[in-house]
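The values are calculated or read from the model by the stated rules, or taken from the named source; none is laboratory data. What you see is a predicted model, and the numbers here were worked out from it, not measured in a lab. As a convention, Cβ positions derive from the backbone with ideal geometry for all residues, glycine included, and neighbour counts pool all protein chains shown. To get the accessible areas, we keep the full protein, side chains included, count just its heavy atoms, and leave off ligands, DNA and RNA. Shrake-Rupley method; radii C 1.70, N 1.55, O 1.52, S 1.80 Å.
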Amino acid sequence: MKIGFNQATTMKYSTLEKDLAACEKYGYDFIEIRFDKLKDYLKKNSIEDLAGYFQHSRIKPCTFNALEFITFRNEEDDARMKADLEFLCKTGNQIGCDTIIVVPTFDIKNTRKEIIQHTAAVLNDYADTAAKYGMRLAFEFVGYPNCSVNTLDLTNEVIAKANRKEVGFVFDCFHFHAMNSTWDALNNVDISKLFILHMDDSEDLVPGILRDDNRLWPGEGCIDLSRILQTLKNKGYDDIASLELFRPEYWEMDIDQVISLGYEKTKGLLKKFDLV
Ligand code: ZN
């Protein structure tokens, strides 16, 4: 597998420029660019600057993270979101990034059936735009009790219903663990639809209580990463494993140290399973 870095890991104090420099220095293959960090970058730089950087760097962009809460929106919000989608598609074409992560909405009261139908319809609508630019959408379920799609089980149903070549999903080990997604769901994933793997671990709290700030370095928590990685390997996944942590105490550490340590820990774990 290739090793990626998600900017959430250094979110509080870093910038796109700093993350890129450190990721290039410590050996990462890919970066997942946070949309807010991209907007900050563009206050002082141009998309051409970023495209120029990637032309001469080892590290490449792999996703934009993320268009959030894409479902169950009113018309006005939906139009704003579609403008962001169009912008990220154009930017992706310019800098060589072909995937946008999209996240479902929280705190809605619809039935399971309505959620599947509506989410698949929105993904198809967004995919019409993405397809014009040769872009893909990676749907990321969130393992919080109040997220409209909060398990891999439900995600599998949404992805099957969307049934669209531009639409796949993110497998985030933390989100898989956090709401008790089943091993059956993992065994049943359509591996061709897995666009990116988010690497992390978790404190041992009861499902439904866990939040992103409970994430730990891969290999230092309670998630059965061994079983996850073996299963993905057996199913033929051999793409990007990207470190994504949101832990406040890691944000307080030196940025270079977090990025170099994250690389060592991610690579060390993947090595154990002959994945790098
Ligand atoms: Zn994630």
The residue that is farthest from M81 (Cα to Cα), considering only those in the range 148-158 that are crowded, with 22+ Cβ neighbours inside 10 Å and within 16 Å of the ligand (Cβ to nearest atom), is L152
Test result for C97, more than 23 Å from Y144 (Cβ to Cβ), outside any loop (DSSP other than H, G, I, E, B), of a type outside the set (S, T, Y) and away from the ligand (no atom under 16 Å from the Cβ):
no
Of the conditions (1) open to solvent by 10 Å² or more (accessible area, probe 1.4 Å); (2) in contact (Cβ under 8 Å) with a residue 12 or more places away in the chain; (3) assigned to a helix (DSSP H, G or I), V142 clears all except one; give me its number.
(3)
Would you please list the contacts, defined by Cβ atoms under 6 Å and residues six or more apart or on different chains, that run from a residue in the range 172-188 that is at positive phi to a residue that is within 16 Å of the ligand (Cβ to nearest atom)?
none
Selected residue (criterion: nearest to the ligand (Cβ to nearest atom)) from residues of the range 200-211 that are open to solvent by less than 30 Å² (accessible area, probe 1.4 Å) and under 18 Å from K265 (Cβ atoms)
D200
Considering only residues that are closer than 22 Å to R215 by Cβ, open to solvent by 20 Å² or more (accessible area, probe 1.4 Å) and either away from the ligand (no atom under 16 Å from the Cβ) or touching a residue at least 40 places away in the same chain (Cβ under 8 Å) (or both), which ones fall in the range 1-34?
M1, K2, M11, K12, Y13, T15, K18, Y26, D29, F30
So, first residue closer than 17 Å to T182 by Cα in the range 221-243, second residue modelled with pLDDT under 95 and open to solvent by 20 Å² or more (accessible area, probe 1.4 Å), Cβ within less than 6 Å, six or more apart or across chains; the pairs are L229/F273
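Every residue, every condition in (1) away from the ligand (no atom under 16 Å from the Cβ); (2) touching a residue at least 12 places away in the same chain (Cβ under 8 Å); (3) surrounded by fewer than 21 Cβ atoms within 10 Å (Cβ to Cβ); (4) of a type in the set (S, T, Y), yes or no:
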site: V102; (1), (2), (3), (4): no, yes, no, no
site: F106; (1), (2), (3), (4): no, yes, yes, no
site: Y126; (1), (2), (3), (4): yes, yes, no, yes
site: K132; (1), (2), (3), (4): yes, yes, yes, no
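If you take the residues of the range 35-46 that are assigned to a helix (DSSP H, G or I) and more than 16 Å from the ligand (Cβ to nearest atom), which of them is farthest from the chain's Cα centre (by Cα)?
Start the filter on the range 35-46 by keeping residues that are assigned to a helix (DSSP H, G or I), which leaves 35-44.
Next, only the ones that are more than 16 Å from the ligand (Cβ to nearest atom) stay: 38-44.
On the way: L38: 16, K39: 18, D40: 20, Y41: 20, L42: 22, K43: 24, K44: 26 Å.
Ranking the qualifying residues of the range 35-46, first place goes to K44.
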